[in-house]
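Please treat every number below as a calculation from the coordinates, not as lab data. Predicted, not measured: the structure shown is a model, and the values here were computed from it. A quick note on method: Cβ atoms are made from the backbone with ideal geometry, for glycine too, and the neighbour counts reach across all protein chains shown.
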Amino acid sequence: MNNLTKIRDISTKYNVSARTLRYYEDMGLIHSIRSDNYAYRLYDEAAIKRLEQILILRKLSINIKDIQRVFAASGSDVVLDVLGKKVTDIDEEVALLHELKEIVISFIRQIEDADFSNDSDIKLLYSKAKEIETQLTNHSSGHQSAEHPLPEHQSHMHRQPVRRLFEVTEKLEEKALSRLLFPDNILKKRLQNVYFILGHGPDVADELGRKYGVYVYHTCNNRWRYEQDADPQFQPGLFRNVPDVWALTPADMAQWESEMARDFTPMVIMDLIQLTANHEKIICENTIDIDSIVHYVTHAVRISNYATKGNSSEDPETRQRLEEIRSRDITDEEKDILIRNLHGMFGYDESGNRNPNREIPRETAQYGIKQIIWDDDSTVTQTADEIAEYFGFCKEE
């Protein structure tokens, strides 16, 4: 083990968590050495040098996919391309911030000239700004007269400042959402008291919230809002045209779910960061793109449904969807295909009986996230207590 360094020592020296190191390894960016007589991961000098390179690129806000491209390529063409795009991105953001500054300065001048300082109701600012915009629009259209010349300090503001204000800030928000403009250490710190429950466990999450006074955030309950806030250019998965969900195979449905999760996860993280200001602990339940946030996550479990009891006809939601499919004016063969798809999506076999997937969850195999098994003998309370014990919740008497 000469010239090999323990994962713990690497973590301490570079201020990077062991989970992040494992994540970089899972992404193929670095490689560790494991020996039969030693239980921990070890890193040689080449791996440490590669880690230093990764950390430099991350400090430059280069994303993991681009870092993978850099290391996979020979020569300097790819790294120059990645860094060149980063410079362009920074230039665009600087230009937007400069324009935002100009708009704010213009509003300050206009409000001062309008003697608006005596009005204490800030809600009047918008109407006053709209008046200013109308005046500027008229001036820029050639409607100003010799009796009412355009003041010198307004001459550069012919662009309708209120409308442009919204355009500029929306572009800045899109940039933030598209790459999570937070340093890794800040995100990890802000999310350290967020507890992620992967898999479908709304009843368990609500039981934990009730029993331990923890705020519960259900990602499924916010999907409509994600779609309202999304942009097809940046979140195409949320805009995918699916005329008939049940015409998708279970594999297609899983892929679509993955694409949607990838697109709305930045919005979830933004919500969670805001919620941490008002709640000591937060449970985030249901679908999320764990791959993009795993190195920020401190607490997480994965619920696996291994229950065998139950039939699709006993579940009200599934039964309603079965009835809808059977009422369609299509052939019996087409109905059978849709019903099989529905059964597969909800974890039933072709006969409608519970068909649990007993494979080890990918999140557990890849990231070591604890698996919580739900079986025929499980209850909501028992499962909630098991998760609470793992998370270290203490019930307040």
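Each peptide in 268-281, 194-207 was scored by the mean count of other Cβ atoms within 10 Å over its residues; highest first, the order is 194-207, 268-281.
With the simple spin-label model, which puts each label point 7 Å out from Cα in the Cβ direction, the Val380 to Lys6 separation comes to 4.5 nm.
Here region 5-72 is treated as an ellipsoid with the same Cα gyration tensor; its semi-axes, largest first and in whole Å, are 21, 13, 10. In this rough spin-label picture, where each label sits 7 Å from Cα along the Cβ direction, the Asp89-Glu389 distance is 4.4 nm.
If you scale each eigenvalue of the Cα gyration tensor by 5 and take the root, what three semi-axes come out for region 237-311, rounded to whole angstrom and sorted largest first?
Details: eigenvalues 144, 72, 25 Å².
After diagonalising the Cα gyration tensor, the semi-axes are 27, 19, 11 Å.
Assuming R0 = 51 Å, what is the FRET efficiency of Glu334 and Gln371, from their Cβ-Cβ distance, to the nearest 0.05? Present the calculation step by step, with values, prior to reporting the outcome.
Values: r = 38 Å, r/R0 = 0.74.
Efficiency computed from Cβ-Cβ geometry: 0.85.
Placing a label point 7 Å from the Cα of Glu227 along the Cα-to-Cβ direction, no residue of region 279-323 has its backbone N under 14 Å from that point. In this label model, Arg362 and Ser17 are separated by 2.1 nm, measuring between points 7 Å along each Cα→Cβ vector.
Given their separation in residues at 0.36 nm each and the Cα-Cα distance between them, Met270 and Asp252 gain 3.7 nm when the chain is fully extended. A Cα-only calculation for region 41-101 places Rg and Dmax at 14.9, 50 Å.
When you filter the chymotrypsin sites (Phe, Trp or Tyr not before Pro) in region 278-352 for DSSP loop state and at most 11 other Cβ atoms inside 10 Å of their Cβ, nothing is left. Legend: distances between Cα atoms for Lys85/Lys370; Lys211/Lys309; Lys49/Lys189; Lys6/Lys59; Lys6/Lys86; Lys49/Lys85; pairs beyond 31 Å are Lys85/Lys370; Lys6/Lys86.
For the listed peptides 218-224, 258-264, a ranking on the average number of other beta carbons within 10 Å per residue, highest first, reads 258-264, 218-224. Go ahead and collect, in residue order, the members of region 245-266 whose backbone nitrogen is under 14 Å from a label point 7 Å along the Cα-Cβ direction of Lys65. 259-266, by backbone N distance to the label point.
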